[in-house]
Every structure is written in structure tokens, then in C-alpha cells.
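J.: My structure is below; once you've seen it, I'll send some questions.
The values are calculated or read from the model by the stated rules, or taken from the named source; none is laboratory data. Note that this is a predicted model, so its numbers are computed, not measured. Don't worry about glycine lacking a Cβ; one is built from the backbone with ideal geometry, like all the others, and counts go over all protein chains shown. With ligands, DNA and RNA removed, areas are computed over all heavy atoms of the protein, side chains included. Shrake-Rupley method; radii C 1.70, N 1.55, O 1.52, S 1.80 Å.
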Amino acid sequence: MTDLNKLGLAEARDLLRKGETTSVELTEACISAIDAADALNAYVHKTPEIALERAKAADARLQGGDASAMCGLPIGIKDVFCTEGVDSQAGSNILKGFKPQYESTVTQNLRDSGAVMLGKLNMDEFAMGSSNESSCYGPVVNPWKRDGDDTQLTPGGSSGGSSAAVAADLCLAATGTDTGGSIRQPAAFTGTVGIKPTYGRCSRWGVVSYASSLDQAGPMTKTVRDAAIMLGAMAGHDAKDSTSADLAVPDFEALLTGDIRGKKIGLPKEYRVDGMPASIEKLWNEGAEKLKAAGAEIVDISLPHTKYALPAYYVIAPAEASSNLARYDGVRYGERATLDAGDGITEMYEKTRAAGFGPETQRRIMVGTYVLSAGFYDAYYNRARRVRTLIKKDFEDAFAAGIDAILAPVTPSAAFGLGDMASADPVEMYLQDVFSVTLNLAGLPGVAVPAGLNSQGLPLGLQLIGKPWEEGDLLNTAYALEQATGFVAKPSQWW
């Protein structure tokens, strides 16, 4: 069978069970596709030897009847996950050469399930960015292009390598992390599916930290069914992570019935922002109509503190980042700058951090240090925490009033050109997160589903926001939306 790399997880799993292909064949197809796609810069550490070794082990498990749903399926791993003996840099020069001697809990869960790691995927440095342009490896190129235009586009960020690899069929699925939209925005920019689970559903142990109260791992896949399969393998309680929830992991795939009759879907009026492109608003309205046609009730709702979400997020996230990134000092691990004779420890810190951190990471560390400093802690950080509580209460009130899920855009635009924001005020880039940061502040699950193309032939996505711990119900609503939109477009291969 040709083009095995173009399969999704569910399709490939079923073929493996029938004996119509092998994990080695799937893996070899993906390795060939990866080697032919260096122009996208999606993979930054290829691991073909590890992949083939694990594929052979998976085939043995399949033949022995000891195989989970993910067994034998080749996937990519975002560079923010620590992987045993494999470079794990989080897109930063300051971690150059760091090869952890342990495995993150999420990647260990996937490894235990029999999934095959193809390599590490590019990302914004320390997951700070919305375009994958802050990476020490250079930007990822979106496999999609505008009709009749060769401009290279961003695949979104920070999980840009993951989204590009899935969209370009360089893996069957990939891991991502979402701190303020870093799974959902790249998924929307590349016509793929991405779910940010409830905070605590997936362990953060072994995931390089950005903002500890916001970070959450999740799958990036080709379909909603694939997302359900992979999330089931990634999730679970972890005693090593104090924020990990001790809850049973449902069979998310079994909950995909597509029946959403009687469900109440909320449309928040605050998400109708000034300057929203007509294509985004049209997509949103059409999505609501399709859910209504599937039997759901559409209800206009208000989330009154939404307008404060972006400034609150860009106080809390940098504050946590400034604390988390203080550990990178050139002493314990990672890169150390070359010192001059007579330099002391202070000079070592300064030179290492100046050389190791990129401009965006330095900016966020400085902002975070400022808002946590004496005299500004109450004025900024504590005020942002109070706003966060109000934002969370807005969602709680909506769900208490009977809303089952909330439908909204993922991003205020389709994918933009690489370099388009280079001379812009940083706030313009931060506005990419205007629809996504509320979920992270509230700890809620959200899933991005491709729902159409704009006038230039680029994918657009819609997101569904669910109740905490009810990813199964959320994925079922997303499945109904996916079925209704019938999105099957793929980028034309040019790379």
C-alpha cells in the first residue's frame, strides 16, 4: 500500500489489526516523507533508528495480541517534552546539547502504549510565540499556501512543528502543548484538529515549563476520532505531578456518537470583536447553523470579563515564566557562555542568559520580573489573579445556566506570512491569542476543528469550549461539527 503516511491514527490502527500493513511499513513511509520535507523545518531532531526499533517491537506486540489502540502508530513529539537520550531543547539555545536521562510522563505513556516516536518537532522558544519564529532552529513553514501566491506562511505557534508535520503527513499525529492557544491556533492555521484538555488531565512532569498554572499537553491529529484515541493514551494521573488529577480516563473514542440533540451551544457576544474578518464571522455563523441542524440549541451568552483576559494572561504567564526560567544559569545543564579571564558568577549568569535566550523569551522574562517586583506585585500580578477568578466564574455561570459547550473562532485571521509581524508592536502578535487564552486562565478543555477555507484557499478553524473533565462530551460535539462541515482539504505538496 502506498502513501501510508497519509493515514490517520484510526485508519492505520484498523489496518494493523487486519494485518494489511505493519508498523515498520508505516514508520518507513513517514521517515521517507520526513526526509523529503526538510524545506518545512518541522523536525529538528530525527530519530529513525529509535523509530524502527520501536516499530519492530510494536509489530511483535500486535502479533501477540497485546496491543493498545496506539500500538505501532508513528507520531512526532514536540521538542518541549523530555525524551530519554534524545535532544530536548524546547526550541532554545540555552538548552543546546541537553539529553535528558528520563522520559516525560506523557511520552512514557505513549511509549508504553506502543506508539512510535519519529523525532522531535520544532516550536517557539520555551513555547513563547504564536508563529514559530522565535525558535532557535529557525521558523517552521506552513505546508499550506495562498492560492496563486508563493509567500511562506506561519503554521502558528508555539506547536508549529507539530501542526505542520500533521498537515504535511510527516507523522500520523503529534504531541503539542497549550499555554494560551498553542495547540488550537496552529491547528486552525493548518487544517488539523487539536485539543487542549482540562488542566490536570495530562501530566506536566518532564515537560519543560513555561507557565506552570497554564501549560497543558494535548494531541494534534488529522481527525477528531484520532484526537480521542491519542488523548486516551496521553492522559492519566501522575503522582510526580502535584497538579495531575486523580481521575479515571474514559474511553473517549467510544463516546463519539455524533448525537448532539438537545445540547445547548453558547455563542459569546464578547468574541465578536472589532475588525474581525468577514470570513471568520461567516464561518462562525455557519458553524452554529450546522450544529443547530444536527439538533443542538444555539444560545447567545455573555462572558463579560473576556475583554480583560489578554492583559491578565500577559501578566500571569510572563510572571510564571520569569520564575521557571531562572533555573537556566549555565551551572547545572545546557549551554554555558564563554567567559573572559576574571569573570565571576554574575558575569557567567549574564553572558549565558544573554546568549542563550532569544529576544521574545528575554522580553517575557523582563515583563514577568517587573510585575513580580516590590511595588508592582499588587498593582499587576495580584490584580491579574483576581481577574482570572472572574473569567473562570463567567464560564461557571454559563455552564450552570445549562450551556453544554461554547462555540467560538480560534483565531482572528488565517495564517499570515512569515516575517509579517517582524516590525510590529509585540502586542499585535499577542492579539493572535485573543480567543484562546480564556480557556487556559479558566483551566477548561477546548478543541479546534477545521471548518472551511477563506477566499485565498487557507484553512480556518472553530473551537468548542467544554466543561472541566468532560472531554468526551466535548469531543463528541466536535465530531458532530466535523461531520457537518465535511472538511477534507489538504495542502498541495510543493516542498
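J.: Could you calculate the contour length gain from A60 to Y102, that is, 0.36 nm times the residue separation minus the distance between their Cα atoms, to one decimal place in nm? Please list the in-between numbers first.
T.: Details: separation 42, 0.36 × 42 = 15.12 nm, distance 2.48 nm.
Full-extension gain reported as 12.6 nm.
J.: Of all DSSP beta bridges in the chain, what percent run antiparallel (nearest 5)?
T.: Numbers: 28 of 41 bridges.
Here the antiparallel bridges make up roughly 70 percent for the chain.
J.: So how much slack lies between D241 and A355, counting 0.36 nm per residue of separation and subtracting their Cα-Cα distance, in nm?
T.: Contour length minus the Cα-Cα distance gives 37.9 nm.
J.: Can you run phi through the Karplus equation (6.51, -1.76, 1.60; θ = phi - 60°) for the stretch 45-51 and list ³J(HN,Hα) in whole Hz, with x for Gly and Pro?
T.: Using θ = phi - 60°, the values come out as 9, 7, 10, x, 5, 4, 4 Hz.
J.: Hey, got a sec? Which trypsin sites (Lys or Arg not before Pro) in the stretch 238-302 land in a DSSP loop and have at most 14 other Cβ atoms within 10 Å?
T.: Details: sites: K240, R261, K263, K264, K269, R272, K282, K290, K292; in loops: K240, R261, K263, R272.
Passing sites in the stretch 238-302 are K240, R261, R272.
J.: For the stretch 109-162, what class follows from the C-alpha gyration tensor (a ≥ b ≥ c being the square roots of its eigenvalues): rounded when a/c is under 1.5, otherwise prolate if a/b is larger than b/c, else oblate?
T.: The shape class here is oblate.
J.: Ordered by residue, what ³J(HN,Hα) values in Hz, to whole numbers, does the stretch 5-11 give under the Karplus form 6.51 cos²θ - 1.76 cosθ + 1.60, where θ = phi - 60° and Gly and Pro are x?
T.: Each residue of the stretch 5-11 in turn: 5, 7, 6, x, 4, 5, 4 Hz.
J.: Could I ask something else about it? Could you name the aspartates and glutamates whose alpha carbon sits less than 17 Å from that of K18, not counting residues in the same chain fewer than 8 places away?
T.: D59, D66
J.: Please go through the residue pairs K145/K269; K307/K351; K56/K145; K46/K222; K46/K490; K282/K307 and name each one whose alpha carbons sit more than 30 Å apart in this structure. Walk me through the numbers on the way to the answer.
T.: Values: K145/K269 32 Å; K307/K351 39 Å; K56/K145 37 Å; K46/K222 21 Å; K46/K490 24 Å; K282/K307 22 Å.
From K145/K269; K307/K351; K56/K145; K46/K222; K46/K490; K282/K307, over 30 Å: K145/K269; K307/K351; K56/K145.
J.: Multiplying the sequence separation of R385 and T2 by 0.36 nm and subtracting their Cα-Cα distance, what value in nm do you get?
T.: Result for the pair: 132.6 nm of gain on full extension.
J.: Further, regarding this structure: Going by a ≥ b ≥ c, the root eigenvalues of the Cα gyration tensor, does the chain fall in the rounded group (a/c under 1.5), the prolate group (a/b larger than b/c) or the oblate group?
T.: Note, shape of the chain comes out rounded.
J.: Over the chain, what is the relative contact order in whole percent, taking alpha-carbon pairs under 8 Å and six or more residues apart?
T.: Relative contact order, the chain: 18 percent.
J.: Determine which lysines satisfy two conditions relative to K264: a Cα distance under 20 Å, and not lying fewer than 8 residues away in the same chain.
T.: Partners within reach: K290, K292, K392, K393, K467.
J.: Place +1 on the Cβ of every Lys and Arg and -1 on the Cβ of every Asp and Glu in the chain, take the dipole about the Cα centre, and give the residue among T389, V367, G138 whose Cα lies farthest towards its positive end.
T.: Farthest towards the positive end: T389.
J.: Counting only heavy atoms of the protein chains, get the accessible area per residue of the stretch 120-164 (1.4 Å probe) and round it to a whole Å² value. The partial results should precede the final answer.
T.: Values: 960 Å² over 45 residues.
Using a 1.4 Å probe on heavy atoms only, each residue of the stretch 120-164 averages 21 Å².
J.: Right, next: Projecting each Cα onto the charge dipole of the chain (Lys/Arg +1, Asp/Glu -1 at the beta carbon, about the Cα centre), which of Y377, V410, Y328 comes out farthest on the positive side?
T.: Final value for the positive-end residue is Y377.
J.: Might you tell me the accessible area per residue for the stretch 431-495, computed with a 1.4 Å probe and given in Å²? Each step should come with its number before you reach the end.
T.: Working: 1920 Å² over 65 residues.
Value for the stretch 431-495: 30 Å² per residue.
J.: Each label point is 7 Å from the Cα along the Cα-to-Cβ direction; what then is the distance between the points at S212 and E53, in nm?
T.: With each label placed 7 Å out from Cα toward Cβ, I get 3.3 nm.
J.: Summarise the accessible area of the stretch 1-100 (1.4 Å probe, protein heavy atoms) by the percent that is carbon and sulfur. List each step's numbers first, then the result.
T.: Details: 1930 of 4060 Å².
Ligands and nucleic acids excluded, carbon and sulfur give 48 percent.
J.: Let's see if you can work this out: charge +1 on each Lys and Arg Cβ, -1 on each Asp and Glu Cβ, no other charges. What is the dipole magnitude of the chain about its Cα centre, in debye to the nearest 20?
T.: Using only the charged Cβ atoms, the result is roughly 680 debye.
J.: At 1.4 Å probe size, with every protein chain present, just tell me what the per residue accessible area of the stretch 180-272 comes to in Å².
T.: 29 Å²
J.: With all protein chains present, how much of the accessible area of the stretch 149-271 (probe radius 1.4 Å) comes from carbon and sulfur, to the nearest whole percent?
T.: 47 percent
J.: Between Y430 and D378, what is the spin-label point distance in nm, taking each point 7 Å from the Cα along the Cα→C-beta axis?
T.: The answer from the label model is 2.4 nm.
J.: Could you list which residues have their amide H under 5 Å from that of G119, counting only those 5 or more apart in sequence or on another chain, with H placed in the peptide plane?
T.: Sorted by chain and number, the residues that satisfy this are T47, I77.
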